[in-house]
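Below is one structure, written out as structure tokens; comments come after it.
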Amino acid sequence: MKKVAILLPSLPVGGAERLVFEELSYLKNDPRFYFEIHLLFEQGLLYAKFKELEIPIYVWNAPHRSLHSIITYFKIIKYLRYNKFDILHVHLLHHYGPWVGRFAGLKVITTAHIDYKYRLFERFCLRQSDVLFGCGTQVTKNLSTFILGKKLRVLNNAIRPVSLNKELIENIYNQLGLYKDNKVVLSLGRLALQKGYDILIEAFMRVIEKESKAILLIGGEGPDKEKLEQQIKAIGMQKYIRLLGLVNNVNELLEICDVYVNSSRWEGLPMTILEAMANKKPIVATNIGGNSEAIRDRETGLLVPSERPDLLADAILTVLKDEELQNKLGSQAFELFEKNYSIKNHCEILANEYLA
């Protein structure tokens with residue numbers, strides 16, 4: 001049996017954390033592996049959900065932005081050595097994370113989740129990995145500029161098939177005061193600069209000028225929440241744009257939407273886009289990072305340049321006004337999802353790497 005430690009900063013609501021949950025849900029009962037989760041900092045909003053997996057979770061409560069966190073890294077190293085782990089799988093700690101496994105004498109696997117311009121020190125740290133997974137082709141291409149091909153692999157993000165609660169769907173209409181003839185535009189993600197919600201809000205003001213029954217729902221929490229609320233109020237769009245906060249009924253929200261939008265400034269391969277594809281929804285997305293892997297323009301969705309609210313609005317309106325296009329984009333997106341982003345294929349590749 002291989003003993004695998006999963007190392008993360010914390011468990012906030014995010015795509016990387018969602019992927020780890022999907023991986024562990026699939027692999028936790030595999031008799032070839034024993035898993036533990038180690039959180040460098042605090043628990044995070046998804047801690048309770050991860051506890052449902054019944055996998056041991058250790059919270060190390062290291063101080064943020066402090067040299068004292070180095071002491072915590074050495075405590076983790078000591079723990080991993082003493083308990084004779086075989087593998088450290090690192091997520092989102094691409095600076096010191098790989099060094100923890102290296103000093104503990106373990107096989108180090110790191111997953112890179114963002115199409116990001118890594119600094120020199122981060123590149124040096126990532127090279128300490130025995131295996132480095134990019135969460136999509138674009139992320140892996142970026143990594144290949146400083147990582148040798150032998151240790152670099154593509155491992156596409158993946159999710160499980162969709163299951164819907166029909167009762168929850170009806171409740172959503174009632175809770176949000178929506179009508180069946182509303183044109184629902186949905187976006188899910190962290191309320192932060194990366195996700196470009198300021199651009200989406202500006203774009204939606206243009207959408208409303210031509211489609212008065214449109215409603216924009218944005219699900220998520222983050223540091224820009226107050227700023228976005230102020231932006232919505234300043235342009236008088238409170239009636240048409242709603243910040244839902246943290247949502248647990250993702251598939252049900254996707255079921256009621258007419259178009260899913262990703263307005264990000266940078267991305268890896270977004271889990272939320274995969275969720276929209278799995279729900280057969282038409283997607284409008286910015287042409288950045290891994291978005292263009294899943295969204296093939298005019299085939300599985302529409303792509304627009306980032307930072308262009310005018311073109312984003314035009315693309316949303318194009319989809320909202322054409323039901324035939326909605327069905328075509330949604331069905332072709334689902335076909336691509338089944339081919340490239342199934343959790344079964346993803347976890348078989350990961351398990352083989354654990355065993356290698």
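All of the numbers you see were taken from the coordinates with simple rules; none came from a lab. No experiment lies behind these values; they were computed from the predicted model shown. No Cβ is skipped: glycine too gets one built from the backbone with ideal geometry, and neighbour counts run over all protein chains shown.
Looking at Y260, Y240, which one is closer than 21 Å to V284 by Cα, over 21 Å from the mean Cα position of the chain (by Cα) and either hydroxyl-bearing (S, T, Y) or surrounded by fewer than 17 Cβ atoms within 10 Å (Cβ to Cβ) (or both)?
After ruling out the rest, the residue left standing is Y240.
Can you find, within segment 340-356, the residue that is nearest to G301 (Cα to Cα) among those that are part of a helix (DSSP H, G or I) and within 19 Å of the chain's Cα centre (by Cα)?
Ranking the qualifying residues of segment 340-356, first place goes to N340.
So in segment 265-309, with the set limited to residues that are under 28 Å from D181 (Cα atoms) and small (G, A, S), which one is surrounded by the fewest Cβ atoms within 10 Å (Cβ to Cβ)?
A278
Hey, could you check segment 188-226 for residues that are assigned to a helix (DSSP H, G or I) and of a type in the set (V, I, T) and say which is nearest to P270 (Cα to Cα)?
Ranking the candidates gives I199 first.
Is it the case that segment 161-174 has a residue that's surrounded by 14 or more Cβ atoms within 10 Å (Cβ to Cβ), within 25 Å of the chain's Cα centre (by Cα), not aliphatic (A, V, I, L, M) and not in a loop (DSSP other than H, G, I, E, B)?
No, the conditions are met nowhere in segment 161-174.
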